[in-house]
Amino acid sequence: MAVKHSGLDRFLLALNYLFLALAVLIVVVPLVYIVVASFMDPTVLLNKGLSFRVSDWSLEGYKKILSNPAMVRGFFNSVFYSAAFAIVTVAVSVCAGYALSEGRLAGRGIFMTLFIVTMFFGGGLIPTYLLVRNLHMLNTVWAVIIPGAVNVWNIILSRTFFKGVPKELKEAANVDGATDAGIFARIVLPLSKPIIFVLALYAFVGQWNSYFDAMIYLEDAKLHPLQLVLRSILIQNQAAPGMISDQLAMNELKRLSEMIKYSAIVISSLPLLVMYPFFQKYFEKGVMVGSLK
């Protein structure tokens, strides 16, 4: 049976479609521009704009990036940092969230109060740097992974999700002789894929886009993530050392820097674009945690 819409409903529906179309354009147009520009000769791009003629395209930017050890090493460093950070922060968030969701935990309110206080008050950069230094984590991979591993918001999301797990399942397992660890590992975790995948996606994306902690704590260039190499290209407008020979003229340097910039953006975005389709089926359910009773 067809639904009849009033004039106001049709107007609001059209307005909604218009808003969604604008939102899609805002996202798609810059993405298409960057992808096409990464394949173009910078001279043609600056003089004529985007061109879909094959004769105006070039793979020189990608060749320069893939042939540069700093870029390749930075890419794999970022993958390792992001994956390790996601594993650690999800493990901490899930374990803490499950414990706080159980009413039998003594001092649960005190723990939650202490967690929430840290969301509004922090020590700042200098105390954090001194703490990392005193823990002998400077210039190590742990300086990037450990300090931000405990995310209070993720713990709250996990606790809210675990509260929605039917108590009857846990009680039945308890009657069968299962321990708290067994209930958590064999019953709760298999039912928690939506929140686990969403938290892992949040953590991976956040760490992948981060460069400030690495810039502060890592002095060894071999430990730098891809974002620090991109920073030298995008902000300082210069290519990574060794990517362009010293004999090139200044105009050639600028031309290649412009080409490398767009190619680097595309390469740095590939892992995230590959991950989203696999996480999409869990994303909607995970982000709606706590919205319904």
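Output the residues belonging to region 90-112 that are in a helix (DSSP H, G or I), open to solvent by less than 60 Å² (accessible area, probe 1.4 Å) and either closer than 23 Å to Leu189 by Cα or at pLDDT 90 or above (or both).
Val90, Ala91, Val92, Ser93, Val94, Ala96, Gly97, Tyr98, Ala99, Leu100, Ser101, Met112
One residue is enough: does region 154-176 have a residue meeting the conditions at pLDDT below 90, open to solvent by 70 Å² or more (accessible area, probe 1.4 Å) and not in a helix (DSSP H, G or I)?
Yes; the residues of region 154-176 include at least one that is at pLDDT below 90, open to solvent by 70 Å² or more (accessible area, probe 1.4 Å) and not in a helix (DSSP H, G or I).
Looking only at region 73-89, decide whether some residue is in a helix (DSSP H, G or I), in contact (Cβ under 8 Å) with a residue 60 or more places away in the chain, more than 30 Å from Asn151 (Cα to Cα) and open to solvent by 60 Å² or more (accessible area, probe 1.4 Å).
Checking region 73-89: not a single residue is in a helix (DSSP H, G or I), in contact (Cβ under 8 Å) with a residue 60 or more places away in the chain, more than 30 Å from Asn151 (Cα to Cα) and open to solvent by 60 Å² or more (accessible area, probe 1.4 Å).
Only one of (1) modelled with pLDDT under 75; (2) over 30 Å from Leu199 (Cβ atoms); (3) touching a helix residue (DSSP H, G or I) at 6+ places or on another chain (Cβ under 8 Å) fails for Ser232. Which number is that?
Status for Ser232: all satisfied but (3).
Mind telling me which of the residues Lys285, Lys254, Lys222 ends up being farther than 28 Å from Tyr33 by Cβ, among the charged types (D, E, K, R) and at pLDDT 65 or above?
Within the list Lys285, Lys254, Lys222, the selection yields Lys222.
State whether the residues of region 26-46 include one that is part of a loop (DSSP other than H, G, I, E, B) and of a type in the set (Phe, Trp, Tyr).
yes
Only one of (1) over 20 Å from the mean Cα position of the chain (by Cα); (2) open to solvent by 40 Å² or more (accessible area, probe 1.4 Å) fails for Ile216. Which number is that?
(1)
Out of Leu31, Leu45, I need the residue that is touching a Ser or Thr at 6+ places or on another chain (Cβ under 9 Å), over 30 Å from Pro190 (Cα atoms) and open to solvent by 80 Å² or more (accessible area, probe 1.4 Å). Which one?
Result of the check over Leu31, Leu45: Leu31.
Please verify whether region 113-130 includes one or more residues that are touching a helix residue (DSSP H, G or I) at 6+ places or on another chain (Cβ under 7 Å), among the aliphatic types (A, V, I, L, M) and outside any helix (DSSP H, G or I).
Taking every residue of region 113-130 in turn, none turns out to be touching a helix residue (DSSP H, G or I) at 6+ places or on another chain (Cβ under 7 Å), among the aliphatic types (A, V, I, L, M) and outside any helix (DSSP H, G or I).
Can you say whether Pro190 is of a type outside the set (D, E, K, R), over 30 Å from Leu125 (Cα atoms) and open to solvent by 40 Å² or more (accessible area, probe 1.4 Å), as far as the supplied structure shows?
Yes: the conditions hold for Pro190.
Do we have Ser51 as part of a loop (DSSP other than H, G, I, E, B) and either in contact with a helix residue (DSSP H, G or I) (Cβ under 7 Å, 6 or more places away or on another chain) or open to solvent by less than 30 Å² (accessible area, probe 1.4 Å) (or both) here?
Against the criterion (part of a loop (DSSP other than H, G, I, E, B) and either in contact with a helix residue (DSSP H, G or I) (Cβ under 7 Å, 6 or more places away or on another chain) or open to solvent by less than 30 Å² (accessible area, probe 1.4 Å) (or both)), Ser51 qualifies.
I'm told Gly206 meets every condition in (1) open to solvent by 20 Å² or more (accessible area, probe 1.4 Å); (2) within 21 Å of Met275 (Cα to Cα); (3) at pLDDT 90 or above except one. Can you identify the failing condition by its number?
(3)
Looking at region 2-16, is at least one residue assigned to a helix (DSSP H, G or I), β-branched (Val, Ile, Thr) and either under 22 Å from Ala221 (Cα atoms) or open to solvent by 50 Å² or more (accessible area, probe 1.4 Å) (or both)?
Within region 2-16 (the criterion being assigned to a helix (DSSP H, G or I), β-branched (Val, Ile, Thr) and either under 22 Å from Ala221 (Cα atoms) or open to solvent by 50 Å² or more (accessible area, probe 1.4 Å) (or both)), the answer is no, since none of the residues qualifies.
Filter region 63-72 down to residues that are assigned to a helix (DSSP H, G or I) and open to solvent by less than 40 Å² (accessible area, probe 1.4 Å), then give me how many there are.
Residues flagged as assigned to a helix (DSSP H, G or I) and open to solvent by less than 40 Å² (accessible area, probe 1.4 Å) within region 63-72 amount to 3.
Regarding region 201-215, can at least one residue be identified that is part of a loop (DSSP other than H, G, I, E, B), free of Cβ contacts under 8 Å to residues at least 60 places away in the same chain and over 30 Å from Val141 (Cα atoms)?
no
Can you say whether Ala143 is open to solvent by 20 Å² or more (accessible area, probe 1.4 Å) and either in a loop (DSSP other than H, G, I, E, B) or among the hydrophobic types (A, V, I, L, M, F, W, C) (or both), as far as the supplied structure shows?
No; evaluated as a whole, the condition is false for this residue.
The values are calculated or read from the model by the stated rules, or taken from the named source; none is laboratory data. Since the structure is predicted, the reported quantities are computational estimates derived from the model, not experimental observations. Every residue, glycine among them, receives a Cβ derived from its backbone with ideal geometry; neighbour counts consider all protein chains shown. These area figures cover heavy atoms from the full protein model, side chains too; ligands, DNA and RNA do not enter into them. Shrake-Rupley method; radii C 1.70, N 1.55, O 1.52, S 1.80 Å.
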